[in-house]
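The structure appears below as structure tokens.
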Amino acid sequence: MIRRSRPRIADNEDKHDADALPAWRRHLISRRQFLITASGGSIGLLFGLPASATADDYDPWPTLAAVLDHLLPSEPDSPGAVDINALAYLRFVVDDSRIDAKEREFILQGNRWLDDLSIKRIGRPFVALDLDQKEQLLRQIAGSAAGENWLSTLISYLLEALLSAPAYGGNTDQMGWRWLEYVPGFPLPGPGTRYTELPL
């Protein structure tokens, strides 16, 4: 899968500045907004699908959990998406009132198009596919600009879940830090001191 590196933070910038992450997200969003606008406002066109036929009560989280687990599977010597609780971190991001609405829509709508494509191509939703079928389908959507961007976005959030403070839902028991032998700075954020709870 395609990976995107973050813009380098200048040496004199505070790496724990609460504004750094939203600025980085805004940088990614601008490219996605361009791609979606260029496709006539429909991510489905870039995924190669007509308007979604998925039910209105569609729950995106099981499919997102399956995609995250496929992108970062557990290994004997390294934690995977399930181990670091990446889904909880992504829920935190999506529920964050400071996140751009287009970012939230991009994450959730891309997931919906993936399920539609899975049903159209294979006859089953993404969660019901075997490992090879999931890989084939994800590689297929990576062939479009929107699909590549959507997967890259999820990979970025996987890395954040691996490296962020556990107070934000990921990095369970500091598993990512321990795996990387990273010693975090102190004090760590906790309830009441997470960036979403600080005044603007």
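The values are calculated or read from the model by the stated rules, or taken from the named source; none is laboratory data. Everything numeric here is computed off the predicted structure, so don't read it as measured data. Don't worry about glycine lacking a Cβ; one is built from the backbone with ideal geometry, like all the others, and counts go over all protein chains shown.
Scanning segment 82-101 for residues that are in a loop (DSSP other than H, G, I, E, B) and closer than 11 Å to Ser164 by Cβ yields Ile84, Asn85. Can you confirm whether segment 4-25 contains a residue that is closer than 30 Å to Phe186 by Cβ, surrounded by fewer than 18 Cβ atoms within 10 Å (Cβ to Cβ), modelled with pLDDT of 50 or more and not hydrophobic (A, V, I, L, M, F, W, C)? The answer is yes, given that some residue of segment 4-25 is closer than 30 Å to Phe186 by Cβ, surrounded by fewer than 18 Cβ atoms within 10 Å (Cβ to Cβ), modelled with pLDDT of 50 or more and not hydrophobic (A, V, I, L, M, F, W, C). For first residues located in segment 57-79 and farther than 16 Å from Glu160 by Cα, partners that are of a type in the set (Asp, Glu) and buried (at least 16 other Cβ atoms within 10 Å of the Cβ) and lie 6+ apart or on another chain with Cβ distances below 6 Å form the pairs Thr63/Asp115; Ser74/Asp83. State whether one or more residues within segment 78-90 are touching a Lys or Arg at 6+ places or on another chain (Cβ under 8 Å) and buried (at least 17 other Cβ atoms within 10 Å of the Cβ). No, segment 78-90 has no match at all. Quick check on segment 160-170: of everything there that is crowded, with 17+ Cβ neighbours inside 10 Å and either at pLDDT 90 or above or of a type in the set (A, V, I, L, M, F, W, C) (or both), which residue is farthest from Leu72 (Cα to Cα)? Checked segment 160-170; the qualifying residue farthest from Leu72 (Cα to Cα) is Ala167.
Checking every residue in segment 113-134 against the condition of being touching a His at 6+ places or on another chain (Cβ under 8 Å), within 30 Å of Asp173 (Cβ to Cβ) and in a helix (DSSP H, G or I) gives at least one match. A Cβ distance below 8 Å, combined with a sequence gap of six or more or placement on separate chains, defines the contacts here; from segment 171-200, residues that are closer than 23 Å to Gly80 by Cα and surrounded by 10 or more Cβ atoms within 10 Å (Cβ to Cβ) reach residues that are modelled with pLDDT of 85 or more and of a type in the set (Phe, Trp, Tyr) in the pairs Asn171/Tyr89; Asn171/Trp177; Gly176/Tyr182; Pro184/Trp177.
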